[in-house]
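Below is one structure; the comments refer to it alone.
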Amino acid sequence: MEPEEAVRQLEYTIDASLDEIGQRAAAGYRPTFERVAERADGSAVYDLAGELSREVVAGSCPSPAEANAVAERVLDDWAYTDGGE
């Protein structure tokens with residue numbers, strides 16, 4: 001999954017789950033998704049989108065800093081399970 005597509009999918013999830021404030025927050029995730037794509041692969045981007053989407057569906061709108069923390073967990077898991085770079 002490409003970072004742009006992940007952000008778009010997350011925006012759709014937030015738009016369906018929260019108000020317009022949440023939608024604006026989703027655009028702030030783009031640098032996080034791009035960093036994950038650079039350090040890992042499309043599977044890691046997909047995992048990040050899935051984790052953030054689950055939080056949104058549960059009623060939360062993670063801040064960009066919280067999204068970064070989730071990204072670090074995803075990257076740590078990816079490096080551990082897939083060997084990383």
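The values are calculated or read from the model by the stated rules, or taken from the named source; none is laboratory data. On a predicted model such as this, the values are computed, not experimentally measured, just so you know. No Cβ is skipped: glycine too gets one built from the backbone with ideal geometry, and neighbour counts run over all protein chains shown. Just the protein is used for accessible areas: all its heavy atoms, side chains included, with ligands, DNA and RNA removed. Shrake-Rupley method; radii C 1.70, N 1.55, O 1.52, S 1.80 Å.
Looking at region 43-63, I want the residues that are open to solvent by 50 Å² or more (accessible area, probe 1.4 Å) and have a partner that is aromatic (Phe, Trp, Tyr) with Cβ atoms under 9 Å, at least 6 apart or on another chain. Which pairs are those?
Listed pairs, sorted by first residue: Ser43/Trp78; Asp47/Trp78.
Taking the options Thr81, Thr13, Thr32, name whichever one is of a type in the set (S, T, N, Q), in a helix (DSSP H, G or I) and modelled with pLDDT of 80 or more. Steps first, answer last, please.
Details: Thr81 fails: modelled with pLDDT of 80 or more; Thr13 fails: modelled with pLDDT of 80 or more.
Selected residue: Thr32, the only one of Thr81, Thr13, Thr32 that is of a type in the set (S, T, N, Q), in a helix (DSSP H, G or I) and modelled with pLDDT of 80 or more.
Across region 16-29, which residue is modelled with the highest pLDDT among those that are open to solvent by 20 Å² or more (accessible area, probe 1.4 Å) and among the aliphatic types (A, V, I, L, M)? Step through it out loud before you land on a result.
At the first step, the residues of region 16-29 found to be open to solvent by 20 Å² or more (accessible area, probe 1.4 Å) are 16-21, 23-25, 27-28.
Checking the rest, the ones that are also among the aliphatic types (A, V, I, L, M) come to 16, 18, 21, 25, 27.
Working: Ala16: 53, Leu18: 51, Ile21: 54, Ala25: 62, Ala27: 70.
My answer is Ala27.
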